[in-house]
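A quick write-up on the structure given underneath.
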Amino acid sequence: MKLDSKIPEGHISQKWTDYKDHLKLVAPNNRPKIDIIVVGTGLAGASAAASFAEMGYNVKAFCYQDSPRRAHSIAAQGGINAAKNYQNDGDSTFRLFYDTIKGGDYRAREANVHRLAEVSGNIIDQCVAQGVPFARDYGGMLDNRSFGGTQVQRTFYAAGQTGQQLLLGAYSSLSRQIGLGKIDMYNRHEMLELVKVDGKARGIIARNLITGEIERHSAHAVIIATGGYGNVYFLSTNAMGSNVTAGWKIHKQGALFANPCYVQIHPTCIPVHGTNQSKLTLMSESLRNSGRIWVPKKKEDAEAIRAGKMKPTQIAEEDRDYYLERKYPAFGNLVPRDVASRAAKEVCDAGHGIEANDTNEGVYLDFSTEIQSKGKQTAYAKGNHNPSQEEILSLGKKWLEEKYGNLFTMYQKITDENPYETPMKIYPAVHYTMGGVWVDYNLQSTIPGCFVAGEANFSDHGANRLGASALMQGLADGYFVLPYTVSDYLSGDIRTGKISTDLPEFVEAEKNVKDSINKFLSNNGTKTVDHFHKRLGLIMWNKVGMGRNEKGLQEAIGEIASLKEEFYKDVYVPGSSDELNPELEKALRVADFIELGQLMAIDALQRKESCGGHFREEYQDAEGETLRDDENFKFVGAWEYKGYDIKNEELHKEELKYEFIKIAARNYK
Amino acid sequence: MSAAKNINISLQIWRQKNSKEKGKMETYKLNDVSTASSFLEMLDQLNEQLVNERKEPIAFDHDCREGICGMCSLYINGRAHGPDTGITTCQLHMRMFNDGDTIVIEPWRSAAFPVIKDLIVDRTAFDRIQQAGGFVSVNTSGNTIDANTIPVPKDDADKAFEAAACIGCGACVATCKNGSAMLFVGAKVSQYALLPQGKVEATNRVLNMVRQMDEEGFGNCTNTGACEVECPKGISLENIARMNREYLSASLK
Ligand SMILES: Cc1cc2nc3c(=O)[nH]c(=O)nc-3n(C[C@H](O)[C@H](O)[C@H](O)COP(=O)(O)OP(=O)(O)OC[C@H]3O[C@@H](n4cnc5c(N)ncnc54)[C@H](O)[C@@H]3O)c2cc1C
Ligand code: SF4
Ligand code: FES
């Protein structure tokens with residue numbers, strides 16, 4: 001198989017404009033003759049479905065939740081980037097492009113990222129026109145804040161609920177089209193197979209999660225927008241239902257899976273509390289604007305804290321190690337996520353972690369400095385130039401509450417500790433997956449007619465994703481890229497006519513799905529699905545987590561292979577196929593996670609360099625920073641499925657060319 | 001700050017095979033529940049136990065488990081989202097309960113939210129209300145004017161945001177003795193009524209959404225205010241008042 005990225009010729013700033021001008025179109029009167037399936041209604045899927053419907057195509061959209069408004073995009077807290085330069089701090093399309101490429105550790109495609117930066121401003125305009133209530137300043141203008149990895153304020157936000165507001169915006173457009181009868185929405189439906197006819201994607205097999213019915217749906221093109229695969233680790237910040245099934249099924253049908261080992265570990269999550277934990281909660285990165293991260297300098301102090309004999313507030317200023325400020329003076333607490341995460345692991349590995357659990361993993365995110373300075377500032381602004389310490393504290397806390405109130409409440413509910421009084425405890429957790437289905441410039445996978453958007457594809461973030469750029473990518477793909485590129489593809493389909501679901505390909509695909517369901521339900525095993533999922537998660541976290549090495553990866557590959565055998569032999573799935581059956585849903589998802597997990601380890605093993613979220617312990621410089629190998633690994637690693645044994649997958653390389661940005665070591669010092 | 005400990009509890013849970021069959025309460029015992037667990041983690045633990053005993057696990061709705069998707073529901077000890085305020089069920093923690101407690105768990109109860117199975121109900125009526133007019137009719141082409149061309153006073157933007165914070169969980173309906181959806185619909189109508197972008201269609205929007213709300217079989221609002229008390233996102237009754245004003249002036253047009 002030859003990978004053709006279809007990157008257009010020309011200067012980077014003109015590529016997309018010129019390319020769009022020459023893409024083929026489908027005339028408005030022909031669009032109602034064409035059907036499109038969109039799987040997933042997060043930012044990427046909802047925006048795509050709404051756009052296609054508005055253009056006049058017939059759209060069927062699917063999601064596994066009870067309503068499209070609940071897609072996981074809803075949970076994004078921090079914000080969305082756009083190069084608007086409203087703050088006049090020197091932002092531009094080029095700078096956003098540059099920051100994103102650099103942030104991605106030079107493992108993303110220039111042309112895609114530039115396109116993303118180009119349309120970013122438009123996204124904000126579009127969302128505001130839809131009634132998305134972004135934060136405003138007193139002059140009525142949009143407000144911005146900054147995020148890790150950048151030196152400008154380009155992040156638009158709606159308190160700590162940006163993803164929610166953006167998704168509700170896309171959902172409202174989707175709803176409008178559903179109301180107009182242009183979209184058939186299938187809630188509580190899960191795609192379990194792709195149907196190919198003559199090599200092209202022509203439909204899907206889905207399970208109605210309420211009745212258990214297996215349904216056939218045909219279309220001229222299929223868009224996969226099913227989000228990320230972080231739940232391969234069991235514990236992550238992802239929603240419980242987030243899964244890789246759609247992406248993995250198309251992988252098995254010939255779509256290459258790219259850079260699976262690139263996983264973002266987010267530095268500011270609440271540490272694990274115990275063995276029954278089901279999910280990890282993110283504390284928005286925006287907190288790093290106001291919080292200072294530290295651990296006790298002396299190990300004895302860390303031990304005393306873990307033993308409950310000492311409180312963090314009792315540790316003197318000079319006995320605190322503000323390790324990010326110390327190591328990275330230029331960016332301080334706002335270094336990119338991979339850098340911040342690794343630094344936290346390093347101090348915890350060295351025995352300075354503060355969490356009293358069996359891992360001792362946790363560091364402090366401290367707001368006391370901010371409380372002081374903002375308290376004083378507010379007092380002065382009110383004309384009180386001689387505030388007492390009490391007044392300062394109270395004003396400072398009030399300031400924090402206005403800015404981050406909901407996050408602080410959330411933290412308190414979960415941990416039972418008051419972050420206004422004592423520093424938050426945080427630790428890195430699995431958050432976002434940069435890898436995904438390989439797509440070309442058109443966002444088309446290696447299966448003709450099967451497009452992949454949003455977190456489910458691999459394309460824009462390289463080895464590390466900067467904050468506030470996933471929301472941007474999801475909406476860019478759905479509103480502003482797919483409408484053009486999918487139309488170009490569909491221009492060849494105006495005479496095809498309806499695709500029959502009676503074709504033998506549909507019959508066979510349906511049979512395969514039913515067989516695998518029946519296999520699980522009749523398996524006379526003894527262990528629950530979660531039992532296997534948790535074991536997979538532990539292998540992944542310990543050996544394919546924040547730091548990887550050859551030995552661990554090799555072990556992981558073997559252990560996952562045995563886990564897979566055991567899973568099929570010993571899993572017990574109760575209930576039947578013709579009813580709502582959450583255990584069955586989980587079993588089908590975990591089966592795919594196991595195979596993907598193995599591929600992630602295989603991919604991590606071949607990548608003998610450190611970059612972004614992929615830190616190979618063998619490849620670091622004297623100061624413990626990542627050591628990239630551009631000479632040998634400046635490529636996208638795209639894997640081709642070769643049957644049951646994942647070890648047989650074949651690696652294809654897409655060389656990355658940097659023509660417009662000079663490649664350099666990433667330095668945040 | 002309380003250290004986590006383990007407690008033993010007894011659970012009375014509504015079991016119902018599907019929308020057609022009748023349901024009933026069943027009792028379960030569960031030991032060694034960490035008070036640091038969330039309520040849903042407690043249910044996971046129970047389900048793990050049930051599956052290991054070869055019994056059918058309890059079906060309940062959930063996804064994000066961080067209080068934002070609106071998917072979790074559960075009527076716990078007679079209250080929507082349980083005995084804490086300003087949170088969803090997934091944010092409820094077992095430290096709110098004591099060793100030896102009996103906890104009663106039921107699905108949302110409302111004619112407009114029929115039970116699908118056990119603790120899962122059908123809330124698609126909310127989607128249909130939104131489809132009837134909960135949007136601004138702008139094309140998705142991106143050919144919109146620059147976002148800062150129309151300034152929005154901060155107060156209006158903040159109020160619109162507060163209304164838009166509704167997560168569509170349905171606690172307001174479940175807790176209302178009339179099964180009214182006014183808080184949900186009021187929030188949506190308010191968000192757009194407060195923003196310049198939504199003004200043009202305001203008349204049709206409120207008429208259409210209210211018509212759909214009535215068609216879905218939600219009850220009438222008699223201003224008992226129970227919805228506001230149980231709403232996890234603090235959506236205020238002001239939104240109902242604003243909707244009523246919008247409705248009145250739309251009806252007079
Ligand atoms: C806690 C949290 C905070 C975040 N904060 C930010 C932030 O501040 N800024 C930022 O830029 N990014 C943030 N992100 C990342 C960002 O939210 C996601 O990457 C992005 O929203 C993904 O959007 P999506 O449309 O690709 O997928 P999703 O929103 O995950 O949607 C997936 C859709 O696919 C459906 N689906 C999945 N599988 C199937 C199937 N087999 N059949 C049918 N339907 C299926 C689901 O029902 C859902 O509708 C955050 C992520 C998390 C977890
Ligand atoms: S108004 Fe409150 S209770 Fe009602 S659906 Fe919205 S968030 Fe839930
Ligand atoms: S599971 Fe999402 S709000 Fe509770």
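Structure data summary
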{"read-out": "Leading residue at positive end of dipole, region B:1-77 (Cβ point charges), from B:A3, B:L46, B:C69", "value": "B:L46"}
{"read-out": "Farthest positive-ward along region A:351-420 dipole, Cα basis, beta-carbon charges - from A:Q372, A:G351, A:N384", "value": "A:N384"}
{"read-out": "Set of lysines with alpha-carbon distance to B:K17 below 29 Å, sequence-local pairs under 8 removed", "value": "A:K279, A:K511, A:K514, A:K519, A:K527, A:K534, A:K569, A:K586, B:K29, B:K55, B:K117, B:K177"}
{"read-out": "Span from the region A:25-71 Cα centroid across to the region A:510-587 one, whole angstrom", "value": "32 Å"}
{"read-out": "Average partner coverage of A:446-457, which counts Cβ from other chains inside 10 Å", "value": "0"}
{"read-out": "Overall Cα dimensions of the protein assembly as shown, principal axis frame, Å, largest first", "value": "77, 72, 63"}
{"read-out": "Three-way shape call for region A:406-562 based on the alpha-carbon gyration tensor, with the a/c threshold at 1.5", "value": "oblate"}
{"read-out": "Unit charges on C-beta of K, R, D, E only; dipole of region A:1-84, Debye", "value": "60 debye"}
{"read-out": "Point-charge dipole on Cβ atoms (K/R +1, D/E -1) for region A:307-388, about Cα centre, debye to 20", "value": "420 debye"}
{"read-out": "Accessible carbon and sulfur surface of region A:514-611 relative to its total accessible area, %, 1.4 Å", "value": "52 percent"}
{"read-out": "Helix-only CD estimate at 222 nm, as mean residue ellipticity for the protein assembly as shown, using -39500 (n - 2.57) per DSSP H run (n ≥ 4)", "value": "-11000 deg cm²/dmol"}
{"read-out": "Nitroxide proxy distance, nm - points 7 Å out along Cα→Cβ at B:T27 and A:S373", "value": "6.0 nm"}
{"read-out": "Average other protein chain Cβ within 10 Å of Cβ, residues B:50-62", "value": "4"}
{"read-out": "With 10 Å bins from 0: P(r) over region A:455-496, alpha-carbon pairs, percent", "value": "23, 42, 23, 10, 2"}
{"read-out": "Heavy-atom accessible surface of region A:1-116: percent carbon and sulfur, 1.4 Å", "value": "50 percent"}
{"read-out": "In Å², nearest 10: area of A:T93 left accessible to a 1.4 Å probe", "value": "50 Å²"}
{"read-out": "Exposure ranking of A:W399, A:W248 by accessible area [1.4 Å probe, largest first]", "value": "A:W399, A:W248"}
{"read-out": "Carbon/sulfur fraction of accessible area - region A:232-322, other protein chains in place, 1.4 Å, %", "value": "48 percent"}
{"read-out": "Prolate/oblate/rounded label for region B:201-253 (Cα gyration tensor, a/c 1.5)", "value": "prolate"}
{"read-out": "A/B buried area, accessible surface, summed, 1.4 Å probe, Å²", "value": "6400 Å²"}
{"read-out": "Loop trypsin sites (Lys or Arg not before Pro), region A:1-90 (other Cβ atoms within 10 Å of the site Cβ: 10 or fewer; DSSP)", "value": "A:K2"}
{"read-out": "Solvent-accessible area per residue for chain A (1.4 angstrom probe, square angstrom)", "value": "34 Å²"}
{"read-out": "Extension reserve of the A:N523-A:L651 stretch, reckoned as 0.36 nm per residue once the Cα distance is removed", "value": "42.7 nm"}
{"read-out": "Residue pairs, from the table A:K2/A:K498; A:K60/A:K642; A:K374/A:K425; A:K608/A:K647, whose Cα atoms sit over 27 Å apart", "value": "A:K2/A:K498; A:K60/A:K642"}
{"read-out": "The protein assembly as shown: antiparallel DSSP beta bridges as a percent of all, rounded to 5", "value": "70 percent"}
{"read-out": "Whichever lysines have a C-alpha closer than 16 Å to that of A:K20, once near sequence neighbours (fewer than 8 apart) are set aside", "value": "A:K6"}
{"read-out": "Shielding by other protein chains, A:280-293, mean Cβ within 10 Å", "value": "1"}
{"read-out": "Shape metrics for region A:497-580, restricted to C-alpha atoms - Rg then Dmax, Å", "value": "18.0, 54"}
{"read-out": "Cα centroid of region A:323-361 to Cα centroid of region A:141-170, whole Å", "value": "25 Å"}
{"read-out": "Reachable aspartates and glutamates, given that their alpha-carbon falls under 12 Å from the alpha-carbon of B:K22 and they are not under 8 places away in the same chain", "value": "B:D118"}
{"read-out": "Furthest towards positive pole of dipole, B:G134, B:C169, B:T203, structure part region B:107-253, Cβ charges", "value": "B:T203"}
{"read-out": "For chain A, size of Cβ-based charge dipole, Lys and Arg +1, Asp and Glu -1, in debye", "value": "840 debye"}
{"read-out": "Whole-Å distance, taken between Cα centres, linking region A:415-446 and region B:109-124", "value": "33 Å"}
{"read-out": "Degrees between helix B:39-52 axis and first principal axis of chain B (Cα, 0 to 90, nearest 10)", "value": "50 degrees"}
{"read-out": "Three-way shape call for region A:1-142 based on the alpha-carbon gyration tensor, with the a/c threshold at 1.5", "value": "oblate"}
{"read-out": "Accessible surface, per residue, of region B:122-244 when the full set of protein chains is kept, probe 1.4 Å, Å²", "value": "36 Å²"}
{"read-out": "Heavy-atom SASA rank of B:Y28, A:Y568 (probe 1.4 Å, accessible area, largest first)", "value": "A:Y568, B:Y28"}
{"read-out": "Two-site FRET efficiency, B:S141 against A:N88, from Cβ-Cβ distance with R₀ of 25 Å, rounded to 0.05", "value": "0.30"}
{"read-out": "For region B:1-103, the fraction of alpha-carbon pairs in successive 5 Å shells from zero, as %", "value": "2, 12, 21, 25, 22, 13, 4, 1, 0, 0"}
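The values are calculated or read from the model by the stated rules, or taken from the named source; none is laboratory data. Quick caveat: nothing in here was measured; it's all calculated off a predicted structure. As a convention, Cβ positions derive from the backbone with ideal geometry for all residues, glycine included, and neighbour counts pool all protein chains shown. SASA here: full protein model, heavy atoms, side chains in, ligands and nucleic acids out. Shrake-Rupley method; radii C 1.70, N 1.55, O 1.52, S 1.80 Å.
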